[in-house]
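What follows is a single structure, written as structure tokens, with notes after it.
The values are calculated or read from the model by the stated rules, or taken from the named source; none is laboratory data. Computed from a prediction, not measured in an experiment: that's the story for all the values here. With ideal geometry, Cβ positions are generated from the backbone for all residues, glycine too; neighbour counts draw on all protein chains shown.
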Amino acid sequence: MIIVDADDQKSVLTWYNNRPEDLPHIPVTGATGNIKAMLKEHEKSYDFVIADCAGRDSAEMRSGLMAADVFISPLRPSQMDLDVVPHTCSVFTAAKDFNGDVRGYLVLNMTPTNMFVNEANEAAEVLKDYPEMHLANSRVCDRKAHRDAWAESMTIFETQNDKAQQEIEALVKEVIL
């Protein structure tokens, strides 16, 4: 597996550069602009190539879609995130004209862990109106474990939080494997 950080913020590269040396090596590289050729080249050497693009329409996202097997669009169960879904689906649909095999998923992310807060279920109902992309059954809750793992430049699987690990494992099994 390799991660291609194609976001201007370069937060994945920062995470990688801060990663303790005693943890397993995870290859990370940066890219900007048209990343299709780079992704295709990495495909020859790695089983999985993960491109992290900005959470907005960009040249990196559009060119990455041309090489992708799976497109994952994480979104919070908030009106602000729901408002961008029509555009995201439009970009995804246009990409399918050139890469007909790409599968797209809307993933509810940072959902409340409080079972009495219903905003994730309400957002899921709204997202059913966008059949261009699949609504993932798996959700990723807003857990301190994710923030702590990021702060320590660890993956969630290098932490001791079983619930957070199970959520990510379920998501990977659903949309990638």
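Some notes on this structure:
Table: residues versus (1) modelled with pLDDT of 95 or more; (2) surrounded by fewer than 20 Cβ atoms within 10 Å (Cβ to Cβ); (3) more than 16 Å from the chain's Cα centre (by Cα); (4) over 27 Å from K144 (Cα atoms).
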site: A51; (1), (2), (3), (4): yes, no, no, no
site: G55; (1), (2), (3), (4): no, yes, no, no
site: A68; (1), (2), (3), (4): yes, no, no, yes
site: I72; (1), (2), (3), (4): yes, yes, no, no
site: R76; (1), (2), (3), (4): yes, yes, no, no
site: H87; (1), (2), (3), (4): yes, yes, yes, yes
site: D97; (1), (2), (3), (4): yes, yes, yes, yes
site: V102; (1), (2), (3), (4): yes, yes, no, yes
site: M110; (1), (2), (3), (4): yes, yes, no, no
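- Looking only at the range 156-177, and only at residues there that are crowded, with 16+ Cβ neighbours inside 10 Å and in contact (Cβ under 8 Å) with a residue 60 or more places away in the chain, the one that is nearest to V117 (Cα to Cα): L171
- Any chance T113 is farther than 20 Å from D5 by Cα and assigned by TED's automatic domain parsing to the domain that holds R147: yes
- One residue alone among D47, D22, D52 is in contact with a helix residue (DSSP H, G or I) (Cβ under 6 Å, 6 or more places away or on another chain), of a type in the set (D, E, K, R) and either within 18 Å of I72 (Cα to Cα) or not assigned by TED's automatic domain parsing to the domain that holds A94 (or both), and that residue is D52.
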